[in-house]
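Trainee: The structure's right below; bear with me while I get my questions together.
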Amino acid sequence: MRIAFFDSGMGGLTVLHAAVEQQPQHQYVYFADTLNAPYGGKPAAEVRDLTSRACDFIATQAPDALVVACNTATAVCIEVLRQRYPFPVIGMEPAVKLALAQTEAQRVLVMATSLTLQESKLSQLLQRFDTRRRTDKLAMDRLVSFAEQQQFDTDAVRAYVQAQLQHYDCSQYAAVVLGCTHFAYFTPLLRTCFPADVQFVDGSQGTVRHLFDTLKSQAKKQDKTKDILYFVSKQSADSQAFTPYFERLASIDKAYLNTYDNA
Ligand code: DGL
């Protein structure tokens with residue numbers, strides 16, 4: 001099968017990484033709209049337009065499914081995309097439901113882009129699942145640009161994270177939702193700001209499970225060549241540009257799992 005992933009930039013690689021680990025036998029197509037990233041501080045109409053144009057291009061690659069590996073694009077236009085294409089379109093939402101279910105009465109901090117936080121999709125999700133009002137929201141837009149620059153743990157990143165968290169009592173949280181696919185790169189740094197047993201919840205694994213469940217009926221379809229094709233804003237791209245991100249994810253997975261096991 002040929003499975004396409006879309007994001008404004010390198011964030012969606014965190015989801016692609018999970019998919020390739022689970023089912024390496026497919027052909028994957030990754031589209032990063034880096035010329036227009038970041039999306040999270042732009043007006044919704046502009047993000048809708050950029051996403052539609054990018055996904056129209058992806059549709060020319062004849063995928064069997066498309067994963068919109070971007071919480072921001074999902075928040076503003078996932079229904080439009082689902083109506084537009086003949087293949088399944090899987091979106092991503094901040095994993096609020098999971099975080100609330102894993103924590104009994106304590107508070108949950110939802111980190112995402114400004115646009116994701118202000119869109120009605122998230123308010124509807126919180127209305128449905130956060131009946132006891134246990135969540136706080138925090139915009140972390142600049143982490144997207146830092147990730148695009150491959151700055152994962154510099155003084156500038158640390159200063160930004162500290163400034164964003166200065167008005168929050170981090171000791172009160174039992175879970176942090178990473179509601180933007182770019183944020184997973186910063187898990188080791190973010191961990192140092194919270195008590196050791198805080199759970200970091202991101203939607204990658206759940207999204208990938210949902211993707212493969214959706215494709216189950218087509219599983220017998222002849223697989224195309226197993227590889228990953230990369231596009232950067234419609235231009236075919238060299239896979240080497242993406243290597244540092246996969247290396248970062250490979251190193252984080254271990255730290256993440258170790259801490260998670262201890263929690
Ligand atoms: N990875 C996108 C998300 O999950 C980042 C949005 C942006 O470009 O600001 O929301």
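Trainee: Just need the Rg to Rh number for the range 134-174, please, alpha carbons only, Kirkwood Rh.
Mentor: Here Rg/Rh amounts to 1.02.
Trainee: How tilted is helix 44-59 with respect to the longest principal axis of the chain? Cα atoms for both, answer in degrees (0 to 90, nearest 10).
Mentor: 40 degrees
Trainee: If you roll a 1.4 Å probe over the heavy atoms of the protein chains, what accessible area per residue do you get for the range 17-111, in Å²?
Mentor: Each residue of the range 17-111 exposes 38 Å² on average to a 1.4 Å probe.
Trainee: Where nothing but the Cβ of Lys and Arg (+1) and of Asp and Glu (-1) is charged, how large is the charge dipole of the chain around its Cα centre, in debye to the nearest 20? Write out the running numbers ahead of the final one.
Mentor: Details: 26 positive and 27 negative charges, 132 e Å.
Its charge dipole is roughly 640 debye.
Trainee: Oh, and also: Quote to one decimal, in nm, the extra length available between Arg48 and Arg107 on full extension: 0.36 nm per residue of separation minus the C-alpha distance between them.
Mentor: Values: separation 59, 0.36 × 59 = 21.24 nm, distance 3.21 nm.
Value of the extension gain: 18.0 nm.
Trainee: While we're looking at this one, here's another question. Could you pull out every residue, at least 5 positions away or on a different chain, whose amide H is within less than 5 Å of the one on Ile90? Hs are placed 1.01 Å off N in the peptide plane, and Pro or chain starts have none.
Mentor: Amide H to amide H, under 5 Å and 5 or more residues apart or across chains, Ile90 pairs with Leu66, Val67, Val68.
Trainee: Right, something else. Among the listed pairs Lys121/Lys234; Lys97/Lys216; Lys137/Lys216; Lys137/Lys234; Lys42/Lys226, give every one whose C-alpha distance is greater than 32 Å. Please report the intermediate quantities before stating the final value.
Mentor: On the way: Lys121/Lys234 28 Å; Lys97/Lys216 25 Å; Lys137/Lys216 35 Å; Lys137/Lys234 34 Å; Lys42/Lys226 36 Å.
Cα-Cα > 32 Å for Lys137/Lys216; Lys137/Lys234; Lys42/Lys226; rest within.
Trainee: Sort 39-48, 99-108 by packing, meaning the average of other beta carbons within 10 Å per residue, with the highest value first. Each step should come with its number before you reach the end.
Mentor: Numbers: 39-48: 18.0, 99-108: 15.6.
Going by the mean number of other Cβ atoms within 10 Å, highest first, we get 39-48, 99-108.
Trainee: Please give the per residue volume of the convex hull enclosing the alpha carbon atoms of the range 41-144, rounded to a whole number of Å³.
Mentor: 108 Å³
Trainee: Moving on to the next point. Over the Cα atoms of the chain, Rg to Rh with Kirkwood Rh, two decimal places?
Mentor: Values: Rg = 17.6 Å, Rh = 18.6 Å.
Checking Rg against Rh, the ratio lands at 0.95.
Trainee: Let me ask something else about it. Please give, to one decimal in nm, the separation of the simple spin-label points placed at Gln118 and Tyr85, each 7 Å out from Cα toward the Cβ.
Mentor: Roughly 2.7 nm, to one decimal.
Trainee: Give me the number: length gained by fully extending Gln166 to Lys226, i.e. 0.36 nm times residue separation minus the C-alpha to C-alpha distance, one decimal in nm. Intermediate values should be presented prior to the final figure.
Mentor: Values: separation 60, 0.36 × 60 = 21.60 nm, distance 4.61 nm.
Full extension of this stretch gives 17.0 nm more.
Trainee: May I pose another question? Quick one: accessible surface of Arg209, probe radius 1.4 Å, all protein chains present, in square angstrom to the nearest 10.
Mentor: 140 Å²
Trainee: Using a/c under 1.5 as the rounded threshold, could you call the range 152-250 rounded, prolate or oblate? The axes a ≥ b ≥ c are square roots of the C-alpha gyration tensor eigenvalues, and prolate needs a/b larger than b/c, oblate otherwise. Please list the in-between numbers first.
Mentor: Working: a/c = 3.26, a/b = 1.66, b/c = 1.96.
Oblate, because a/c is 1.5 or more while a/b does not exceed b/c.
Trainee: In the chain, carbon and sulfur make up what percent of the accessible area (probe 1.4 Å)?
Mentor: Details: 5770 of 11940 Å².
Roughly 48 percent of what the probe reaches on the chain is carbon or sulfur.
Trainee: Once amide H atoms are placed 1.01 Å from N in the peptide plane, what residues at a sequence separation of 5 or more from Arg107, or on another chain, have their amide H within under 5 Å of its amide H?
Mentor: Sorted by chain and number, the residues that satisfy this are Ala174.
Trainee: What number results when the radius of gyration of the range 1-62, computed over Cα atoms, is divided by 2.2 N^0.38 Å? Mind dumping the intermediate values first?
Mentor: Working: Rg = 12.5 Å, N = 62, 2.2 N^0.38 = 10.6 Å.
Normalised Cα radius of gyration, the range 1-62: 1.19.
Trainee: Please report, in whole Å³, the volume per residue of the convex hull around the C-alpha atoms of the range 77-210. Please report the intermediate quantities before stating the final value.
Mentor: Working: hull volume 16.3 nm³, N = 134.
Per residue, the Cα convex hull of the range 77-210 comes to 122 Å³.
The values are calculated or read from the model by the stated rules, or taken from the named source; none is laboratory data. Since this is a predicted model, take the numbers as computed values, not measurements. Reconstructed Cβ throughout: ideal geometry from the backbone, glycine too, with neighbour counts over all protein chains shown. Accessible surface is based on the protein model in full, side chains and every heavy atom, while ligands, DNA and RNA are left aside. Shrake-Rupley method; radii C 1.70, N 1.55, O 1.52, S 1.80 Å.
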